[in-house]
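Everything on this sheet refers to the single structure shown next.
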Amino acid sequence: MKAMILAAGRGERMRPLSDHCPKPLLKVRGRPLIVWHILNLVKAGITEIVINHAHLGEMIEASLGDGQQFGAKLQYSPEPVALETAGGIAQALPLLGTEPFIVISADIYAPHFDFTQCQGVLEDADMWGNPYPPDKRDMAWLYMVKNPSFHPEGDFSLSLMGLKNEGDQRLTFGNISVLRPEIFSGILPGSHAKLAPILRDLADRGQLGGELYSGLWHNIGTPEQLEQLNAILKPARN
């Protein structure tokens, strides 16, 4: 299984820190945000990782290299101008292959997330080995978190039948997912496209699965949030 880390965002709310350092290289507990993800992926046996970048992308490549220092094989998908989430994934599809892959936003902090749980969540057959019809199988699997203070309305409701656009018990998409490459087939490489409308369409069609992740999770959007998080956490052991 391969993974993609989304690292092309400008990080406007993180300015002035992001003016001279790409947001994924900002440090939590003395370690760049993106490195937390790489190490957790490798720990789960997922070593083939694609990273897209735009703003100050050369700094990301210079810092991470080919990934050998982490036990990973890193490939890069540069974007002259950031293509949004779905556009960036569509651009990188030649590097990701034809099987479902993991997608993670570089600017979240989830140091204990176990990526082994991602393997097999998008099965093509039920527990008895019967293949799902194409219009019945899940096309994406999202890891949801309890609504943070900055997003109290949530994104989807979680039921036994998957994620839905309607419902009272709504949760927030935690920016960790497993996606089938087919859902990006209508996006031309180099096009700007957002992921949210694609996910909402899948939810309407009953093809969006997911589960609640209750471990430590932070979406780091501002210098103040980064400072507050570092103030309460001990440095990581290298």
Inset, instruction - Order by neighbour count: Arg200, Arg205, fewest other Cβ atoms within 10 Å first, most last. - result: Arg205, Arg200
Inset, instruction - Estimate the FRET efficiency between Ala196 and Glu12 by the formula 1/(1 + (r/R0)^6), using the beta-carbon distance for r and 22 Å for R0, to the nearest 0.05. - result: 0.75
Inset, instruction - Between Ala140, Ala196, Ala110, find the one with the highest GNM mean-square fluctuation for the chain; connect C-alpha pairs within less than 10 Å. - result: Ala196
Legend entry - Nitroxide proxy distance, nm - points 7 Å out along Cα→Cβ at Glu224 and Tyr132: 4.2 nm
Inset, instruction - Work out from phi, with θ = phi - 60° and the Karplus expression 6.51 cos²θ - 1.76 cosθ + 1.60, the ³J(HN,Hα) of each residue of the range 76-86, listed in order in whole Hz, and give x for Gly and Pro. - result: 10, 10, x, 10, x, 10, 4, 9, 6, 5, 5
Legend entry - FRET efficiency estimate (nearest 0.05) - Cβ-Cβ, Ser63 to Ser159, R0 30 angstrom: 0.10
Inset, instruction - Could you tell me the convex hull volume per residue, in Å³, taken over the Cα atoms of the range 139-192? - result: 116 Å³
Inset, instruction - Express in whole angstrom the spacing between the alpha-carbon centres of the range 24-81 and the range 193-227. - result: 20 Å
Inset, instruction - Give me the percent of Cα-Cα pairs in the range 141-238 that sit more than 15 Å apart, rounded to a whole number. - result: 67 percent
Legend entry - In degrees, nearest ten, helix 223-232 long axis to first principal axis of the chain (Cα): 90 degrees
Legend entry - Cα-Cα pairs of the chain separated by more than 29 Å (percent): 26 percent
Inset, instruction - Round to the nearest 10 and give me the degree value, 0 to 90, for the angle of helix 33-43's Cα axis relative to the longest principal axis of the chain. - result: 60 degrees
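Each reported figure results from applying straightforward, stated rules to the coordinates on display, with no laboratory input. Computed from a predicted model, the values in this text were never measured in an experiment. Every residue, glycine among them, receives a Cβ derived from its backbone with ideal geometry; neighbour counts consider all protein chains shown.
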